[in-house]
Each structure stands twice: as structure tokens, then as C-alpha cells.
Amino acid sequence: VQRGAGAFDLEQVISELGYSEGWAMYVDYKSTEYYGLKNVVAKLLQLDNSLGYDMSAIADIAINGLGYTTEELGDYLESVGMGDESTAKLYYDFVVGDPTAIVPYAAGYHLCEESIEDYMEKTGADYKDALRAYLEVGCSSFNIVREYMGTQFE
């Protein structure tokens, strides 16, 4: 409905879905630490998975939000060492076929992680209390989550 009206407001795209899917990704990434893998292998798995979502979200915003062509996206991908125009074509087909589908996952994960870390830093709370504070807010936009947690965006 929002997109049909011409709106491309990131807060609308990632609001509640970003909270729930961001939390799901956060838990998934953190669970790799308990697989019995060496810490460096767990971190590499987390990074690889996150990078895949992040690059898809960047491509989505660039193409659907900013109007990038595959050539422009290819230039960007080359500049960050993540591909070229042929890679951009794959992203293009994916994000044009399902606009904004991946953005809530990537942005939600990073906002979830940032909210929890900021809470620990600003309040001195331990990890378990920070998780509790995040979950007690419930499924909501990150502006409300951060306000409730006392870690408003600056």
C-alpha cells in the first residue's frame, strides 16, 4: 500500500518487520557462537551471512530508491570489491522482482544489534538485561524501541 502510493520511507519499510526479522537474524548469528566452532569460524559465518543481506539491501535501495542502473551499481560494486556489472545484473533482477523485501532483514539486524549494544554502553547493563530490555518493548519501530530503551538515535 505504501509503495503503491509512491512512498519509499525507510522507516515504513523496516518498522515492525525490521524488529522481528532483525531479532531473528541477530539470534541466528549469535547462535553460531554455540555451534562448537572456533570463534574465528563463527565470526566468519556471521560476516558472510550479514554481508549477503547487506549487499542485497544496498542494491535494493540503490536501484529502487535512487534509480541506479546496472552499470552504476556495477561501478559501486567494483569500488568496494564486491563484483562488477554482471553481479549488478543479478542484484537488479532480484530487487526489481521483489522491491524492499530484503531491506527489513539487513537494516533490522543492524538496528537490533546497535540497540542492544547502545543499551549496555549507556546503562552499564549486562548482556542478559540488554536482551530483556529489547524484547520487553515488543514488535515496534526502532524509534519507539530506542526511546523505550533510553538510547534514542542521535
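About the centre of its Cα atoms, the chain shows a dipole size close to 480 debye [charges on the beta carbon of Lys, Arg (+1) and Asp, Glu (-1) only; nearest 20 debye].
Note that segment 130-145 has calculated 3J(HN,Hα) couplings of 5, 4, 4, 4, 5, 5, 5, 5, x, 5, 7, 5, 5, 4, 6, 4 Hz, one per residue in order, obtained from phi through the Karplus relation 6.51 cos²θ - 1.76 cosθ + 1.60 (θ = phi - 60°); glycine and proline are x.
Please work out the ratio of the alpha-carbon Rg of segment 22-80 to 2.2 N^0.38 Å and round it to two decimals.
Rg over 2.2 N^0.38 Å, computed on Cα atoms: 1.45.
Loop-resident chymotrypsin sites (Phe, Trp or Tyr not before Pro) (DSSP state other than H, G, I, E or B) in segment 26-118 with no more than 14 further Cβ atoms inside 10 Å of their Cβ: 35. Look at the dipole of the chain built from charges on Cβ: of 99, 32, 46, the Cα furthest out on the positive end belongs to 32.
Just so you know, the averaged projected area of the alpha carbon convex hull for segment 78-154 sits at 7.0 nm². Using the Cβ-Cβ distance between residue 148 and residue 72 with R0 set to 41 Å, the FRET efficiency from 1/(1 + (r/R0)^6) comes to roughly 0.55.
Per-residue 3J(HN,Hα) values for segment 69-84, derived from phi via the Karplus relation 6.51 cos²θ - 1.76 cosθ + 1.60 with θ = phi - 60°, read 8, 5, 5, 5, 5, x, 4, 5, 4, 4, 5, 9, x, 10, x, 8 Hz in sequence order (x marks Gly and Pro).
Per residue, the solvent-accessible area of segment 30-153 (1.4 Å probe, heavy atoms of protein chains only, all protein chains present) comes to 56 Å². Nonpolar atom fraction for the chain, defined as the carbon and sulfur part of the 1.4 Å probe accessible area, stands at 53 percent. Calculated on the alpha-carbon coordinates, the convex hull of the chain measures out at 133 cubic angstrom per residue.
The values are calculated or read from the model by the stated rules, or taken from the named source; none is laboratory data. Because the structure is a prediction, the values reported are computed rather than measured. For neighbour counting, all protein chains shown are included, and Cβ atoms are generated from backbone atoms with ideal geometry for every residue, glycine included. When the accessible area is computed, the model is the full protein with side chains, heavy atoms only, and any ligands, DNA or RNA have been set aside. Shrake-Rupley method; radii C 1.70, N 1.55, O 1.52, S 1.80 Å.
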